[in-house]
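Notes follow the structure.
What follows is calculated from the coordinates using simple rules that are stated; it is not laboratory data. Quick caveat, the model's predicted, so the values are computed rather than measured. Cβ placement follows ideal geometry from the backbone for every residue including glycine, while neighbour counts extend to all protein chains displayed.
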Amino acid sequence: MSDIQFNETYDEQEIFNPHGVFKGIWVPLCIVGNPFLTPAAKLCYGQLCYYSGKDGKCFPSQQTLSDDLGISKRQIQFLLKELEEKGFIRTINPTGADKLRHLNNTYHFLKHPSLFNENYFRDSEEATQLTKHFATGDEAHFVSGNEANFVPDVREEYKSNGNKVEDTKELRSFESSTLSEPQIGSGLNGGSLDITPTLIRRRKNSTIEFEKIPRQRYNSVVLDVINYWNSSPGILHHKTPPTIDGQLGAPTKTFEEIVGTIGKVLSGNFFNSVGLSKYARVYTKDELISAIDRFKLMATNMNYYPANKDGIRKIGLNVFFYNPFANGVPSYFIKCLEEEPKHITNAVKKEEEKNPQLTIWLREAYIEKVLLGGAPKFNRLEDNKFIIGANILHDKMRFLQRRLNMTTRPQEWCNMVIDCLVDKWGRDKVYVGHVSSDYTYNDTLVRYLKNRGRLD
């Protein structure tokens, strides 16, 4: 229980003057009193006015409006559509370069007749009655003119029910009929609106039926495979539809493709359809999980091939089974099922060293100055980069030694190489690959020595 105690009578509540205290949005009274706009649409219109500039335009994102009004982005889309369909705003979508830059929509305010005519809704008796009807929430039937002007299809029902129409759903029927002198008024979207006799049938407390999200049932094995894939960091995940009453809601197109692909792989009908009939057979859930484990090792562990993980980390579950545009591996599923991931130390040969001690000093300087004394485990590929860097430095220091104004020992040369990298790139952006780069020794190191007066 909260420690806050509420006073039910509010007798002791302090009175204050709200004038000029709060900051907020401005909603025109003609919008507030509009019976044809929902309350949420009126609030959205006021928020758009808040963002409007001197040119009469505004361009807040739908996410910004969602955060401001405290409703979902999907509801914002419905409210903007309502305001546009009823002639209050016009939405301009970005095109060309603006679309490529992902700019927001631009909203223009339209001169709706109700904005500049205070009696726009009062001139119409039907609109006045409609406003009272929705304001009170009572069950009522509004009829204009005499009985002869009723819509034919409801006239007999109206008589038989004793001037009372029963309906289980909310029904608003706006039908035109001939009048000797119809009232004419400017309508929505710049057109004209004929004010004609109107019959509104509505039951009090009637339930409003919302569109239900379609629900799907999927094979549990297929969902287990997808969830296992998504549980691993470092690879491309797929959005799973929301669960409603134990069933999945509306899926995305990609999710449906993945479900279909996995189902065909499990049933043995997939690889025939993509032209790899050699591998067409029924696969088990354990085989799919085993292949995914090996793929994750390849995609996330730096000790296994490929050394460059950028491409493999962009592979999704649908492309994992078959990629028609692949240059090398058309199916990582088949590759991982048949082959163990290759460890870099087993596949890379060690480089020949010109000066093994120089390699040790260069590695120690890197650990001390870049990794701040950590104890990393370098793989064979990284060890080779230290060897390549030491070989380049072996030749370079013999060439530059004659130009130095003081004698420099080999270990000091190793420290200067790492110092020049940290000085140029920053400690957090220095990688092992910089140590083996020719640019480091031909340009970065030379400039570093000249700037510190070590090189004539």
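Counting only pairs 8 or more residues apart or on different chains, how many lysine pairs in the range 32-91 have their Cα atoms under 20 Å apart? Eligible lysine pairs with Cα atoms under 20 Å apart amount to 7. Label-to-label distance, ARG217 versus ASN17, with points set 7 angstrom from Cα along the beta-carbon direction: 6.8 nm.
Stokes-Einstein diffusion for the range 356-451, with the hydrodynamic radius set to the Kirkwood value over Cα pairs and evaluated at 4 °C in a medium of 1.567 mPa s, equals 97 µm²/s. Packing-based ranking of 59-65, 271-277, 405-411 yields 59-65, 271-277, 405-411, ordered from highest to lowest mean Cβ neighbour count within 10 Å.
For every other residue with a beta carbon closer than 12 angstrom to the beta carbon of ASP438, add +1 if it is Lys or Arg and -1 if Asp or Glu, then tell me the sum.
Working: positive: LYS396; negative: ASP395, ASP443.
Result for the neighbourhood of ASP438: -1.
The Cα-based radius of gyration of the range 29-115, divided by its Kirkwood radius, gives an Rg/Rh of 0.96.
Test of understanding: ordering ILE289, ILE15 by Cβ neighbours within 10 Å, fewest first, what list do you get? It would help to have the intermediate numbers written out before the result.
Values: ILE289 13, ILE15 4.
By the 10 Å Cβ count, ascending, the order reads ILE15, ILE289.
The string of couplings for the range 260-266 from the Karplus curve (6.51, -1.76, 1.60, θ = phi - 60°) is x, 5, 5, x, 5, 5, 5 Hz, one whole number per residue in order, with x for Gly and Pro. Approximating the spin labels as points 7 Å out from Cα along Cα→Cβ, the ILE360-to-THR300 distance works out to 3.7 nm.
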